[in-house]
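For reference, the structure is listed below as structure tokens.
Derivation of every value follows stated rules applied to the coordinates shown; laboratory data play no part. If you're wondering where the values come from, they're calculated on a predicted model, not measured in any experiment. Because the Cβ atoms are built from the backbone with ideal geometry, glycine has one as well, and the counts that use them run over all protein chains shown.
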């Protein structure tokens, strides 16, 4: 019997608000422990929460971008449990009445259009962090993160493979980054994912018992953990066993999932409506205002790059994965309309430097290795025949180092391509004269030597000879 | 002749301060002296703030000297129930678990009074976390009723009521979740006002039951209560459940004609088991109001019988969650013997909470648990809606409801301590008002055969405090039950001192 996996994902995305969800403390990552705290997020006696409007707007943005319905009235709820990183001993979340209902994420996997439906998106506050290894006989608590806003995005069990799960997550992260509501950093934990997985015989329409897998800190970890968990469940079920409803932790080092708590020990969170906050009312005007200000999202932009600019699917995908890269590409394209050439330069040269210099670690790349207008000018110089593609590589490195526009570099360094036919022909003649044995060998059929002659001519012209003319003149002379 | 400054009403003291006939320092010293003298018998305070009170009084005198008082309350000595969070001043909610807790901030009502120039003489005793009707659930020993030291002052804001009744200060703040201002006001013979839910910010009061808690004043008369309410009422951006409704000049509402007022007398609030003198005094008071021109009609609140049960599900559910933060980790008392995290939680809470608090946490936890939620908490919310609807229907025909505040006068210390359900019934006439979020006031309307005060309760429409105060004031003006002070408290060793020594 063959089995298929059924996967649903829960994503927790930290929102890029300046302050926390229910107090005015900074929500910024990386400050000294407990420096971003106040009586409210430390849960001192008597404090009350006040909702951050920006966080609500970010949730609306996420909802609209995934075709969710924005609830006119949603309700905060308390999720009660004891843990030192949760100062109130309850998390303010949404339970029965989330802010966004339904919706879907569409993406392409191996050329195939996929659609994963969403159950809901709701707002909630993050917990703090317990630090266990800083002190010999105590754990320390850092409450900087306590109260930072999150959206939890819950998918329907529509996912059928680990690769599909990863593609869904990439698309979702890309959408949130386009919306500028989440920086999507999985290592820092601002984009976290838990998975619910079950298996069932192919053709069956009922769901098997699911396990929840946590602690997957990269796309690769998600794929590996899911592959592992699916294999584990299939082996279990094939051997006549049963999957136990439980929470399992992914151990990336040992490449295995292990049981964290079973259903019997599951918390009773005793959810109830948060009496300190009135129902959250989102008016139609607000929703429409947010909708009007939505940016173009990755999927339509990808389609536009493919169909309107004629880019290959791969190029469109790479260029639109990040909004800032796509913006950069379009800024360059606006100065010089050669979509494919600019695409090549962005993908091969600009993004290489971006990765090397780790400029892409933040949500927005603010300092580009070269300005988009300079990249456009460089491609224009090639297309006009002023410099060769090979010389352009040197010019590009110089642009990165000096920040100068390409024309200035070409002029300073005398890199203008030699297109003087007589000069190139002279160089060709000299090269052939210097290697009579190779010329003879070529003429006897050793075609491969042609490249050698090209190289010698380019060397003789300091690489500035127009390669097309070099080819042409060499062929002519060698035929003589 | 030297007058006893502590016998002044807040309004008359404020007049004298402005006219500089007396100084804030004199007034404050008189109160501090009175406190020192009577505390061994009364135990109204958990913390007396001698130094801060003197500093505040001096600052007030400075402003008054320059003819620039911060408000009517500038230089007026007040007391705060120990659930009000006060910057730099110990705040315990009468619980061991907050023993020694000194808050880093002021709550909104406190901050408003501070800005108004009030002098805080101290923090008053109450039932632990405001859970109780007698102040006997305080972890630091009960307060004593100044009319009879062997009797309770009512609760939970008993200390504040005692402090005002016994002239230890000129006014006080309490909180009312199920009757915790009105009941002690009734038992101690003073005015206690519970405003509409949302009228006064809850920011900075130690939460008991968030959807029911409300801050309000204790005072010698209705005018003083109006002055205090005006100072603390109003929208607060720190409390999302506080109402944006503008704050009227409550003092201006006093003195108007009550000829067009339609009073409703809830049939269900005059039931068997009521102390006969309470019944007769309240009926006399209703007759007095009628003679002032008000019309009186008997009405029905059909779901009144379910109020206590509803309250003890909703209040305890919210309390179980609100009190979960007291884990011994960040502030307050931590069990020192604990060996692990769970052990720290268990022992800190075991040692830190009293019996009644534990009882309510357990009740509330149960009411919210999977499998019971719908039957208990869910059902209670539905009944709460029905109770609210009862009042809405009553207010279609009436402007104000009138009833006793409590079925009895002050009971003896220890009398109901062993029987929580009997104790809970002390609030049977006040609790619905909290469930419906309405304003209510208790004003003195007589004494029983033992000379113990009886309270008349008036219940208004949401944000109908002006009407409430106007009618209360008219009644007060036509009778002389207000402003009566208990006889001299014997100096020296009292029951409170004996208990403290134990």
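For the pair residue A:338 and residue A:416, a Förster radius of 30 Å applied to the C-beta separation gives a FRET efficiency near 0.90, rounded to the nearest 0.05.
Remark: C-alpha extents of segment A:336-480 on the principal axes read 60, 28, 25 Å, sorted largest to smallest. Listed peptides B:50-59, A:200-209, B:179-188 appear in the order B:179-188, B:50-59, A:200-209 once ranked by packing, highest mean of other Cβ atoms within 10 Å at the front.
If I fit a long axis through the Cα atoms of helix A:219-238 and take the longest principal axis of the Cα atoms of chain A, what angle between them do I get, 0 to 90°, rounded to 10? That helix lies at roughly 60 degrees to the long axis. For chain A, state what percent of all Cα-Cα pairs lands in each successive 10 Å bin, counting from 0 Å until the bin that includes the largest distance. Calculated P(r), rounded to whole percents: 4, 16, 21, 20, 15, 10, 8, 5, 2, 0. Here chain B is treated as a sphere whose radius is the Kirkwood value from Cα pairs; by Stokes-Einstein at 20 °C and 1.002 mPa s it diffuses with a coefficient of 96 µm²/s.
Per-residue ellipticity at 222 nm from helix content only, as computed over chain B with -39500 (n - 2.57) for each DSSP H run of at least four residues, stands at -11500 deg cm²/dmol.
The distance from the alpha carbon centre of segment A:149-187 to that of segment B:275-314 is 60 Å, rounded to a whole number.
What do you get for the angle between helix A:162-178 and the principal long axis of chain A? Use alpha-carbon atoms, 0 to 90 degrees, nearest ten. That works out to roughly 90 degrees. A crude spin-label estimate for the pair residue B:90 and residue B:70, with each label 7 Å from Cα along the Cβ direction, gives 2.4 nm.
With the largest listed first and rounded to whole Å, the semi-axes of the equivalent ellipsoid of segment A:3-289 from the Cα gyration tensor are 31, 24, 18.
Rounded, prolate or oblate: pick one for segment A:122-164, where a ≥ b ≥ c are the square roots of the eigenvalues of its C-alpha gyration tensor, a/c under 1.5 means rounded, and failing that, prolate if a/b is larger than b/c, else oblate. Oblate shape, in that a/c is at least 1.5 and b/c is the bigger or equal ratio. Helical runs (DSSP H, four residues minimum) scored at -39500 (n - 2.57) apiece and divided by the length of chain A put the mean residue ellipticity at 222 nm at -11500 deg cm²/dmol. Residue order for B:213, A:398, A:315, B:279, fewest other beta carbons within 10 angstrom first, comes to B:279, A:398, A:315, B:213. With the simple spin-label model, which puts each label point 7 Å out from Cα in the Cβ direction, the residue A:294 to residue A:360 separation comes to 2.6 nm.
For the protein assembly as shown, the calculated P(r), taken from all Cα-Cα distances in 10 Å bins from zero up to the bin holding the longest distance, is 2, 10, 16, 17, 14, 11, 10, 7, 5, 3, 2, 2, 1, 0 percent. Label point of residue A:303 set 7 angstrom out along Cα-Cβ; within segment A:65-98, amide nitrogens under 17 Å from it belong to A:65-68. If R0 equals 41 Å, the separation of the Cβ atoms of residue A:404 and residue B:245 corresponds to a calculated FRET efficiency of about 0.05.
The angle between the Cα long axis of helix A:449-460 and the longest principal axis of the Cα atoms of chain A comes to about 90 degrees, rounded to the nearest 10. Mean per-residue shielding of peptide A:78-88 is 4, counting Cβ atoms of other chains within 10 Å of each Cβ. Ranking of B:167, A:93, B:95 by neighbouring Cβ atoms within 10 Å, starting from the fewest: A:93, B:167, B:95. Highest mean first, the peptides A:157-166, B:35-44, B:237-246 sorted by other C-beta atoms within 10 Å per residue fall in the order B:35-44, A:157-166, B:237-246. Sorted largest first, the spans of the alpha carbon positions of segment A:421-479 along the three principal axes are 29, 19, 16 Å.
Shape analysis of segment A:296-412 places it in the oblate category; the axes a ≥ b ≥ c from the Cα gyration tensor give an a/c of at least 1.5, with a/b not above b/c. In terms of the mean number of neighbouring beta-carbon atoms within 10 Å, the peptides A:247-255, A:281-289 order highest first as A:247-255, A:281-289.
Mean partner shielding of peptide B:366-372, defined as the number of other chain Cβ atoms within 10 Å of each residue Cβ, is 3.
Modelled spin labels at residue B:63 and residue B:260, positioned 7 Å past Cα toward Cβ, are 3.8 nm from each other.
Once the Cβ-Cβ distance of residue A:96 and residue A:135 is raised to the sixth power relative to R0 = 45 Å, the FRET efficiency obtained is 0.65. Taken residue by residue and averaged, Cβ atoms of other chains lying within 10 Å of the Cβ of B:250-262 number 0. Taking a ≥ b ≥ c as the square roots of the eigenvalues of the Cα gyration tensor, an a/c ratio below 1.5 marks segment B:93-230 as rounded.
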